[in-house]
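The values are calculated or read from the model by the stated rules, or taken from the named source; none is laboratory data. Bear in mind that the values here come from a model prediction, so they are computed numbers and not experimental data. Neighbour counts run over all protein chains shown; Cβ positions are idealised from the backbone, glycine included.
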């Protein structure tokens, strides 16, 4: 029996028809950087007295399956995660190019079965009832572009063989950080050093009393979109916006060409007034920790537009 290696770990996922019930087919192999999904069950120390100084056996606590999965932000596979967090997109196709528009605020969100396999052992952790809670993205000039996904699952089935069947190899075409752009009201925002944003579904775990110790579901709460922008201080555009207190549309995206792009558009961003500290002889920077709200005209907070050659998600 060989020891498990992360280099050979396999992630497969399929959307569920019924929450918590793993599909029999439809699995896709998805690229990932790291994963700590999986059930855990803590122990509660005994509180009984009268048996001397030696401890009595502990009791089992409830089962939890929360964890982060770090994935590459790529052209084709990332659309599956966008669907998990925002629901099925509105897709239009022309000339072999598909435009997938994901919108925040869906009342009902899909769930996934996510299997993490260690074939050397073999051991396959089939995580069922997986819902998307938080999505964190960091934008910078160089490095590797990833998203950290905070997921909440109902439970995990340990299998000796994969329940996903034979999988096609995932085709990965990553977006590069240098292709990124931050725009204000559709115009490039200059001198941006770094930016980050977090999209949250504010999932509320339904913690009912049931025999298996698992949650019943995780219901979506209020959509939240927050982030920060660090800029070299060369003009007062953002400071004036913050002082005025009026919302502005910001977009964060990566464009390879006309047929390959991903853009997050945040329709109503509120900026706080920020300091411009002078800490030495080098350039002066200002950091704006912004918050977003629903745009009354569009009726939503965020739109994610993915352009690729995938026909549907």
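The table for this structure:
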{"item": "Unique match (being at negative phi, part of a loop (DSSP other than H, G, I, E, B) and touching a helix residue (DSSP H, G or I) at 6+ places or on another chain (Cβ under 7 Å)) among 234, 214, 273, 210", "result": "273"}
{"item": "Elements of type strands (runs of 3 or more DSSP E) in segment 1-120, at least 3 residues being surrounded by fewer than 20 Cβ atoms within 10 Å (Cβ to Cβ) and touching a residue at least 40 places away in the same chain (Cβ under 8 Å)", "result": "59-64, 66-72, 97-103"}
{"item": "Enumeration of residues in segment 217-231 that are in contact (Cβ under 8 Å) with a residue 60 or more places away in the chain, crowded, with 20+ Cβ neighbours inside 10 Å and assigned to a strand (DSSP E or B)", "result": "218, 225, 227, 229"}
{"item": "Flag if residue 186 is surrounded by fewer than 16 Cβ atoms within 10 Å (Cβ to Cβ), on the phi > 0 side of the Ramachandran plot, in contact with a strand residue (DSSP E or B) (Cβ under 7 Å, 6 or more places away or on another chain) and in contact (Cβ under 8 Å) with a residue 24 or more places away in the chain", "result": "no"}
{"item": "Which listed residue is farther than 26 Å from residue 252 by Cα and out of contact with any strand residue (DSSP E or B) (no Cβ under 6 Å at 6 or more places or on another chain), from 160, 177", "result": "160"}
{"item": "Hey, residue 262 part of a strand (DSSP E or B), at pLDDT 90 or above, buried (at least 16 other Cβ atoms within 10 Å of the Cβ) and touching a helix residue (DSSP H, G or I) at 6+ places or on another chain (Cβ under 9 Å) or not", "result": "yes"}
{"item": "Strands (runs of 3 or more DSSP E) wholly inside segment 146-200 containing at least 1 residues that are over 23 Å from residue 271 (Cβ atoms)", "result": "146-152, 155-159"}
{"item": "Residues satisfying the stated conditions in segment 288-313, i.e. assigned to a strand (DSSP E or B) and exposed (fewer than 15 other Cβ atoms within 10 Å of the Cβ)", "result": "289"}
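Rundown of residues vs (1) crowded, with 19+ Cβ neighbours inside 10 Å; (2) touching a strand residue (DSSP E or B) at 6+ places or on another chain (Cβ under 7 Å); (3) on the phi < 0 side of the Ramachandran plot; (4) at pLDDT 95 or above, yes/no style:
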residue	(1), (2), (3), (4)
133	yes, yes, yes, yes
136	no, yes, yes, yes
140	no, yes, yes, no
148	no, yes, yes, yes
153	yes, yes, yes, yes
156	yes, yes, yes, yes
